[in-house]
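None of the figures in this text is laboratory data; all of them are computed from the coordinates on show. Only a predicted model underlies this, so the values are computations on that prediction, with no experimental measurement involved. Here the Cβ positions follow ideal geometry from the backbone for every residue, glycine too, while neighbour counts run over all protein chains shown.
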Amino acid sequence: MKADKKKKEGILKKVEGTFLIKNPMGRIASYTCLIALVLMISAPLFIVLNVSVKTNSEYMATGVYSLPENIFNLTNYMTAFKTGNFGLAFKNTFILIIISVPLAILVGTMVAYALDRFEFKLKKFLFIMFLVPTFIPAMTVTIATFTIIKLLGLYNTIFAGIILYIGTDIMQIYIFLQFMRQIPKSLDESARLDGASRFKIYWSIILPQMKPAIATAVILKVLAIYNDFFTPYMFMPKSSLRTVATALNSFAGDKMAAWPLMSAAIIFVAIPTVLIYIFLQNYIISGVSDGAVK
């Protein structure tokens, strides 16, 4: 017994040694690498922020790395907001998110509920059919999707984006399935004995237990819609339907030289996503990792 105990302690020490660097030089090297990575990741954002408070002539004379003469110069931000019509862009993006996300979550949880709780023929085949589209490049089905949207009379309307965003993706189904499999089926059976319907079980038992998974899926879906450029550009090209991504694209062009103005527009678009990640990163990381571990 003592030998086994010593052996286990030795293994634990080895495991701890792989994760904890007790050597001071090792720690210095680790922190140096981490600091270098942080600088590499944050450098582009700093450059864009630095350029956004410069005038166009100042930018052409000094470049991107020199500090601006006036760090409180907000002229570019006001001009970019008006030029890009970001008020309308944020409004359209908010409408897409507020309608599409709840419906997408509802459809995704229902699909996961059916795949996990129902027993029927071709169940595995159906799950594989959800996986298959993830291996097909989206561009290859653009013509078919465009044709369907056109025939439905949804082209150049906000409903085109809503319908396409409601479509459930495999990431959502996977997260929901992993959490749902941890909910005891005995709860379903007890509810069935009490006369509860399938929908009642889904609404009153399954959904309340899946709050962490739903929170994770909501965050990922919101970020996906907010950052999406292709769908609004392809199916909602009307200027009155522009989103933040298409509004940002209006500053790009072959002859575009007003980089400070474009940098201010980039900051406008980036701020919400940065804030969302800072305040909700625990839900994103824990939701995905918990689903994978479970």
Checklist outcome for this item: Length-normalised contact order of the range 79-293, Cα under 8 Å, at least 6 apart, in percent, tallies to 36 percent
Item to check | Over the chain: helical MRE at 222 nm, DSSP H runs n ≥ 4 each giving -39500 (n - 2.57), nearest 500 | outcome: -23000 deg cm²/dmol
Next on the checklist: Please rank LEU106, LEU248, fewest neighbouring Cβ atoms within 10 Å first, as an exposure proxy.
Outcome noted: LEU106, LEU248
Next on the checklist: Pick from LYS91, LYS221, LYS123 the residue whose mean-square fluctuation is largest in a GNM of the chain, springs joining Cα atoms under 10 Å.
Outcome noted: LYS123
Checklist entry - Using a Gaussian network model of the chain with C-alpha springs under 10 Å, which one of GLY26, GLY108, GLY153 is most mobile by mean-square fluctuation? => result GLY26
Checklist entry - Taking the mean number of other Cβ atoms within 10 Å as a proxy for protection, how do you rank 158-167, 261-270 from highest to lowest? => result 261-270, 158-167
Next on the checklist: For a Förster distance of 25 Å, can you work out the FRET efficiency between the beta-carbons of ALA29 and THR273, rounded to the nearest 0.05?
Outcome noted: 0.20
Next on the checklist: At 27 angstrom or more along the helix axis (alpha-carbon based) and mean Kyte-Doolittle of 0.5 or higher, what helices does the chain contain? Whole DSSP H runs only.
Outcome noted: 24-52, 86-117, 259-293
